[in-house]
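Below is one structure; the comments refer to it alone.
The values are calculated or read from the model by the stated rules, or taken from the named source; none is laboratory data. Note that the structure is predicted; figures quoted are calculated from it, not measured. Every residue, glycine as well, gets a Cβ built from its backbone with ideal geometry; the counts of neighbours run over all protein chains shown.
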Amino acid sequence: MSQHDSTETASPAPEPEAGRAELRRAAFLEAARDVFLEFGYEQANMAEIVRRAGGSLSTLYAQFGGKKGLFEAMIDSRVGELTEQMQVELAAHAPLREGLQRIGEAFLTKQTQPESLEVMRLMVAQAKKFPEIAETWAKRAPEAVRKALATYLEDRAKAGEIRIENYDLAASVYFDLVRSRLQFRSLLLPNYRPTEAEIREVVERAVKVFIGGIEAL
């Protein structure tokens with residue numbers, strides 16, 4: 001065997017089909033989010049999504065079944081981002097005060113990002129003409145996020161840190177405490193963006209109020 005043969009490296013293995021499909025799905029979702037925000041649900045065009053993401057219309061329809069399925073998948077993707085920190089704290093069985101602080105900061109940071117605010121504005125703008133779209137958002141996003149926090153609270157109750165009778169209600173109360181002021185201000189004032197210090201302060205206050213009054217629920 002020649003020196004060239006002994007040092008020759010093998011060509012990289014081709015990317016698995018599943019990996020390519022996942023990358024294509026992610027590209028479709030990213031393009032869909034941009035198109036929905038730019039044109040609204042009614043005017044969003046599947047061909048435009050394909051033009052931006054690459055691929056083909058047949059692949060897009062095969063993966064999502066149509067505009068409604070694509071919209072729902074976009075929501076589910078967003079839910080995954082919003083619940084990521086809750087899954088981390090649940091897996092670590094993090095103590096309540098520290099876990100809620102990290103969950104609240106991650107949640108409020110994401111909810112006050114420009115893209116999140118634009119999604120919320122889109123939902124409000126589309127709600128009257130397309131109530132089924134707003135209902136889909138309400139069921140697939142807020143409910144899923146609330147249940148993720150409820151699962152973490154249940155874990156902490158089983159650990160003896162708190163006593164809660166209704167985990168879903170408790171989760172709703174916590175999110176209301178965390179997001180109301182800064183999220184509302186961010187929605188109304190396009191040039192406003194809360195600082196890390198503001199978010200930390202709001203969440204610290206929310207955690208204190210929540211832990212102090214949760215057993216009254």
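Descriptive notes on the structure:
- Per this entry, residue 15 is counted among residues that are modelled with pLDDT under 90 and part of a loop (DSSP other than H, G, I, E, B).
- Screening the stretch 84-141 for residues that are surrounded by 15 or more Cβ atoms within 10 Å (Cβ to Cβ) and of a type in the set (Val, Ile, Thr) and picking the one that is farthest from residue 190 (Cα to Cα) gives 88.
- Check on residue 171, at pLDDT 90 or above, in a helix (DSSP H, G or I) and at negative phi: yes
- Qualifying residue in the stretch 182-199 (condition: part of a helix (DSSP H, G or I), under 15 Å from residue 97 (Cα atoms) and either touching a strand residue (DSSP E or B) at 6+ places or on another chain (Cβ under 6 Å) or of a type in the set (Val, Ile, Thr) (or both)): no
- Scanning the stretch 74-112 for residues that are part of a helix (DSSP H, G or I) and either on the phi > 0 side of the Ramachandran plot or modelled with pLDDT under 90 (or both) yields 74, 75, 76, 77, 78, 79, 80, 81, 82.
- Scanning the stretch 147-198 for residues that are of a type in the set (Phe, Trp, Tyr) and either more than 17 Å from residue 113 (Cβ to Cβ) or touching an Asp or Glu at 6+ places or on another chain (Cβ under 9 Å) (or both) turns up 152, 167, 174.
- Here the stretch 17-67 is the region considered, the condition is being in contact (Cβ under 8 Å) with a residue 40 or more places away in the chain and closer than 22 Å to residue 130 by Cα, and the residue that is surrounded by the fewest Cβ atoms within 10 Å (Cβ to Cβ) is 42.
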